[in-house]
């Protein structure tokens, strides 16, 4: 497993926007590897990095001095070993090194990033938790420098939750529902511990749609409303309601371990909605 010792990024754009981010990695084996992250894979890498950073913050609360020292030392080492990106690596990217899938594996003291390339190669990279702050800052700086609103929205709006269902109840009571299930990869779902039900309520009391997400057990004030709005604007099943004035009703779902099937989630969501229908009658 190659230990990260340095990294650099480049931006590949077309008239339509960002095509990919070039990522140059230096490893402890003294090797360097170039990768090309299309926007969806960049989002996955940022998702992983952001959530490991949250773990790092928890470790910092437990041992602030040692963790801070580790972060400063690792950031200094990485900043002093930035691999050069050749202009041709940005102007003439090799499609064989395009990342088609990404997986993160958590270990007790580090994380493993696995990059699956179009040419069939798998690049495995090990990062110490204290290196993640530096990586996060590099990725965020690259996204800002790309100056692409669509890329920014994709990469920065949905790193603290995963959608599992969106639901449209417009068929009416007793006439069925329309729902859109999601199947996030296991490595992402393992980062969170709580399912949440979101019900959208119109001023007339109707409950036209909803969603199920998985996230941490608690949210900062206003975050659940921001997530609900994000889903209204970006999910095809919910966008017909995006111009309606609605409030949000939110509830945590108690799902026993091992019973987290999509069917069980949907039934729990419907039970949450039914309690609100009863209260509005």
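Just so it is clear, none of the values below were taken in a lab; they were calculated from the coordinates. Note that the structure is a prediction, hence the values are computed from the model and not measured. We place every Cβ from the backbone using ideal geometry, glycine too, and count neighbours over all the protein chains shown.
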Rounded to whole angstroms and listed largest first, the alpha-carbon spread of the chain along its three principal axes comes to 68, 48, 31
Stretched fully, the stretch from residue 14 through residue 63 gains (0.36 nm per residue minus C-alpha distance, one decimal, in nm) 13.1 nm
At R0 = 22 Å the Cβ-Cβ FRET efficiency linking residue 114 and residue 180, nearest 0.05, sits at 0.20
Ranked output for segments 5-17, 124-136 by mean other Cβ atoms within 10 Å, highest leading, reads 124-136, 5-17
At the level of C-alpha centres, the distance separating region 84-99 and region 12-32, in angstrom, is 7 Å
Length gained if residue 264 through residue 157 is fully extended, taking 0.36 nm per residue and subtracting the Cα-Cα distance, is 35.8 nm
If R0 = 22 Å, then residue 54 and residue 252, at their Cβ-Cβ distance, give a FRET efficiency to the nearest 0.05 of 0.70
Expressed in nanometres to one decimal, the distance between label points 7 Å along Cα→Cβ at residue 170 and residue 241 is 1.0 nm
So, with points 7 Å from each Cα along the Cβ direction, the residue 100-residue 233 label distance in nm works out to 3.3 nm
Computed, not fitted: 222 nm per-residue ellipticity of the chain from DSSP H runs ≥ 4 (each -39500 (n - 2.57)), nearest 500, equal to -11500 deg cm²/dmol
Ordered by fewest other Cβ atoms within 10 Å, a rough proxy for footprinting exposure, 1, 246 read 1, 246
Here P(r) for region 83-228, Cα-Cα distances in 5 Å bins, as whole percents, is 2, 7, 10, 14, 19, 16, 11, 8, 6, 4, 2, 1, 0
Under the 7 Å Cα-to-Cβ spin-label approximation, residue 189 and residue 73 lie apart by a distance in nanometres of 3.9 nm
Most exposed to least, judged by fewest other Cβ atoms within 10 Å, 209, 155 sort to 155, 209
Region 2-146: spread of alpha-carbon positions along the three principal axes, whole Å, largest first, is 46, 30, 26
Place a point 7 Å from the Cα of residue 86 in the direction of its beta carbon; the residues of region 16-51 whose amide N falls under 17 Å from it are 22-26, 31-36
